[in-house]
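Comments concern the structure below.
Quick note: the coordinates plus some simple rules give every number you see, no bench work behind them. Remember, it's a predicted structure, so these values are computed and weren't measured experimentally. Backbone-built Cβ (ideal geometry, glycine too); neighbour counts: all protein chains shown.
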Amino acid sequence: MREDGSVRIALHTRLAPGREEEYEEAHRSVPAELVAAIRAAGAHDWTIWRDGLDLFHVIDCDDYAALLSALENLPVNVAWQARMAGYLEVIHDYTDAGQGLPQVWRLPPET
């Protein structure tokens, strides 16, 4: 948990070989309705980095479990996740119950 009560979650997913360009193209036009829903569910920032086929997501939000719950059955998100599943070999399937990747180290604040 961060000083302001929010959380930062890291996730890992993996693209299916050969789907890199399609995945990146899809993210150039994320539906505005989905972006609004993600923000309304408590996300302040969501960034995705790609290294070859590996995707690393970092999400800053009020409550990750609540974010997942709000989005899981939302029609615009269900459609987006179905589209993304076609590009991915390892998907984010909403079963991590708000855990994300374990944090190993973080630059300590200056004293």
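Structure data summary
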{"quantity": "Cβ-based net charge around N77, under 11 Å, with every Lys or Arg adding one and every Asp or Glu removing one", "calculated": "-1"}
{"quantity": "Neighbour count of at most 14 Cβ within 10 Å plus DSSP loop: longest GluC sites (Glu not before Pro)-free window in the chain", "calculated": "4-109"}
{"quantity": "For the chain, calculated [θ]222 nm from helices alone, where every DSSP H run of n ≥ 4 adds -39500 (n - 2.57)", "calculated": "-9500 deg cm²/dmol"}
{"quantity": "Three-way shape label, the chain, alpha-carbon gyration tensor, a/c 1.5", "calculated": "oblate"}
{"quantity": "Two-site label geometry, Q99 and V58: point separation in nm, points 7 Å out along Cα→Cβ", "calculated": "2.2"}
{"quantity": "Extension gain (nm, one decimal) between T47 and A32, 0.36 nm per residue minus Cα-Cα", "calculated": "3.8 nm"}
{"quantity": "Given charges at Cβ of Lys, Arg, Asp, Glu: segment 13-55 dipole, positive-most of A36, L53, A26", "calculated": "A36"}
{"quantity": "Simple Cβ-charge dipole of the chain, Lys/Arg +1 and Asp/Glu -1, about Cα centre, in debye nearest 20", "calculated": "80"}
{"quantity": "Filtered trypsin sites (Lys or Arg not before Pro), segment 1-63: DSSP coil and at most 14 other beta carbons within 10 Å", "calculated": "R2, R28"}
{"quantity": "Estimated FRET transfer efficiency when R0 is 22 angstrom, pair A65-T111 (beta carbons, to 0.05)", "calculated": "0.10"}
{"quantity": "Gain upon complete extension [E72, A10; 0.36 nm per residue less C-alpha separation]", "calculated": "20.5 nm"}
